[in-house]
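Just passing along the structure, written as C-alpha cells.
Every read-out reported here was derived from the displayed coordinates using simple, explicitly stated rules and does not represent laboratory data. Nothing here was measured: the structure is a model prediction, and the numbers come from that model. Positions of Cβ are backbone-derived with ideal geometry, glycine not excepted, and every protein chain shown enters the neighbour counts.
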Amino acid sequence: MSLVTEEIKAKAEIYHGDEICQEKTKFLLKEVGLPNGLLPLEDILECGYVKETGFVWLKQKKKKDHKFNKIGKLVSYATEVTAVVEPNKIKKLTGVKAKELLLWLTLSDIYVNDPPTGKITFKTPAGLSRVFPVAAFEVEEPPSKEAVKEANGLFKVAEPQEVKEV
C-alpha cells in the first residue's frame, strides 16, 4: 500500500522520469544540508515533494541494494521511499533498510548536526543509532553542461599576431 495518496499528490510538485528525478533528489538533499549520495536510486519513475509539509516520495522500477564502500555498509531501498525533510534532517523515513551483522534494520531518521561536525546519524524506530562520516555519502557530481561550455570559453586560443621588430 502506498503512502502517497491522491490528496497528497494534489498539493505536490511531481516529476516523472529518471533524469529529472535524479536531479531533483540531489538538489533537495543539498538544499536541506544532507549529502547528495544518500539516496543512490536507479530507474526512478516518479518523485514528488510537498513544500508545506516537507513530505517527499520516490518511486523506482525495482528494489535496489547499494553498498556504501567507504563504510562497508549494505543498504536496501524499496520500490517506494517516503520521508519528511527538514533542514539537516530526514524523518518518518520508509522504504530504507540497512544491514547490520545478519539483520536488516529499518531506518526512520537521518540527520547531521548543526553546527556541522562532519558526522551523520542514522536511527531505527527502536531507537538504535549509528554515526558515520558525512563524506561516506557524498558523490562527486560531474560538471554541468553550462560549466563545461563556460570552461571551454575560458581557454580559447588567441589569433596569431604579427610581431614587428624595432
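If we count every other residue with Cβ under 9 angstrom of R130's Cβ, Lys/Arg +1 and Asp/Glu -1, where does the sum land?
Residues close to R130 contribute a combined charge of +1.
A further question follows. Give me the number: length gained by fully extending A78 to L103, i.e. 0.36 nm times residue separation minus the C-alpha to C-alpha distance, one decimal in nm.
Details: separation 25, 0.36 × 25 = 9.00 nm, distance 1.62 nm.
That pair, A78 and L103, stretches by 7.4 nm at full extension.
Right, here's the next one. Using a Debye calculation, one point per C-alpha and no hydration shell, please list log10 I(q)/I(0) for the chain at q = 0.11 Å⁻¹ in order.
Taken in order of the listed q values, log10 I(q)/I(0) reads -0.51.
Could you pull out the trypsin sites (Lys or Arg not before Pro) across the range 1-45 that fall in loop regions by DSSP (anything but H, G, I, E, B) with no more than 11 other Cβ atoms inside 10 Å? The partial results should precede the final answer.
Numbers: sites: K9, K11, K24, K26, K30; in loops: K11.
Loop-located and lightly packed - none at all.
Hey, another quick one. Only four residue types carry charge here, +1 at the Cβ of Lys and Arg and -1 at the Cβ of Asp and Glu. Report the dipole size of the chain about the Cα centre in Debye, rounded to the nearest 20.
880
So what is the relative contact order for the chain, in percent, with contacts set as C-alpha pairs under 8 Å and at least six apart?
Numbers: 282 pairs, mean separation 25.0, N = 166.
Value for the chain: 15 percent.
Within the range 1-42, report the GluC sites (Glu not before Pro) that DSSP leaves as loop and that have at most 16 other Cβ atoms within 10 Å.
E42
Would you please put 101-108, 118-125 in order of how densely packed they are, using the mean number of other Cβ atoms within 10 angstrom per residue and starting with the highest? Walk me through the numbers before you get to the answer.
Working: 101-108: 12.6, 118-125: 15.9.
With the highest mean Cβ count within 10 Å placed first, the list reads 118-125, 101-108.
Would you tally the net charge around Y111, using a Cβ to Cβ cut-off of less than 14 Å, leaving Y111 out, and scoring K and R as +1, D and E as -1?
+3
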